[in-house]
1. Only one of these is in a strand (DSSP E or B), in contact with a His (Cβ under 8 Å, 6 or more places away or on another chain), open to solvent by 20 Å² or more (accessible area, probe 1.4 Å) and under 30 Å from N49 (Cβ atoms): S97, S81. Name it.
2. May I ask you to list pairs of residues, at least six apart or on different chains, whose Cβ atoms are under 8 Å apart, with the first in segment 112-136 being farther than 30 Å from T70 by Cα and of a type in the set (D, E) and the second being assigned to a strand (DSSP E or B) and open to solvent by less than 30 Å² (accessible area, probe 1.4 Å)?
3. Which one of these does Y62 not meet: (1) at pLDDT 95 or above; (2) loosely packed, with under 14 Cβ neighbours inside 10 Å?
4. Taking L82 as the residue in question, decide whether it is free of Cβ contacts under 8 Å to residues at least 60 places away in the same chain and under 29 Å from K177 (Cα atoms).
5. State the number of residues belonging to segment 40-76 that are in a strand (DSSP E or B), of a type outside the set (D, E, K, R) and farther than 24 Å from A132 by Cβ.
6. Select from segment 146-159 the residues that are open to solvent by 60 Å² or more (accessible area, probe 1.4 Å) and touching a Gly at 6+ places or on another chain (Cβ under 8 Å) and write down the one among them that is modelled with the lowest pLDDT.
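The values are calculated or read from the model by the stated rules, or taken from the named source; none is laboratory data. Quick caveat: nothing in here was measured; it's all calculated off a predicted structure. Glycine gets a Cβ as well: all are built from the backbone with ideal geometry, and neighbour counts include every protein chain shown. These accessible areas exclude ligands, DNA and RNA; they are computed on the full protein's heavy atoms, side chains included. Shrake-Rupley method; radii C 1.70, N 1.55, O 1.52, S 1.80 Å.
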Amino acid sequence: MIQGVAPYWRVAYEHNWERHSIELGLYGADVKLLPGASPAPTALRGPFNRFKDVAEDIQYQYISDDHQITVAGTRIHENLSLDASFASGASANPTDSLTTTRLWTTYYYRRKIGGTLGYFSTTGSSDAGLYAPTAPGDPGVITSANGSPDSRGWIAEVNYLPWLNTKLSAQYISYNKFNGGSSNYDGVGRNASDNNAWYLLVWFAY
């Protein structure tokens, strides 16, 4: 449950010349969360967790009748003040941090056929409470043997647009590292690559 307001902000600069454009931006958010949920009119009270994000992004585009190219990236740094989680034992640290980086490039030919290749990385504070080791009987998919959130990998996607308002996509996500390890990251034999996945997607705008 959000306590008070949750402001989000963004500033950006964009420059266009001929068929090219470049954008540089900064954005962020400040959110206070009370653990759990409570229906009105009862309000939750007590310690809360606070998430403060500051991020940068950049994007370059080239657009012509035949070719559309985008190269973009963002880096998000998040500071976590975990008063509620620490008091309840859900986190081992009173404060943590996370840094997320995403880079990608997209190409389309005549706005019909295209693809995207992207890289993602998350690094942060080790916390055996937030990223707990595998408990007995737990399948261990999102656990961590060393309490680390560190993950990285690649995303590849191919797209086909039969009409301007319809997109068919096939996407593959490959993990080189997951929750602090490439192999046996959960302590019971699961590897990062076991989380690799295929997705088939349909996008329609009306």
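1. S97
2. Cβ pairs passing all conditions: D127/D96.
3. (2)
4. So L82 passes the test.
5. Matching residues across segment 40-76 total 16.
6. Filtering first and then ranking leaves N146.
Yes/no per residue for (1) assigned to a loop (DSSP other than H, G, I, E, B); (2) surrounded by 14 or more Cβ atoms within 10 Å (Cβ to Cβ); (3) at pLDDT 95 or above:
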site	(1), (2), (3)
A92	yes, yes, no
W104	no, yes, yes
Y119	no, yes, yes
T143	yes, yes, no
L161	no, yes, yes
K167	no, yes, yes
Q171	no, yes, yes
K177	no, yes, yes
L200	no, no, yes
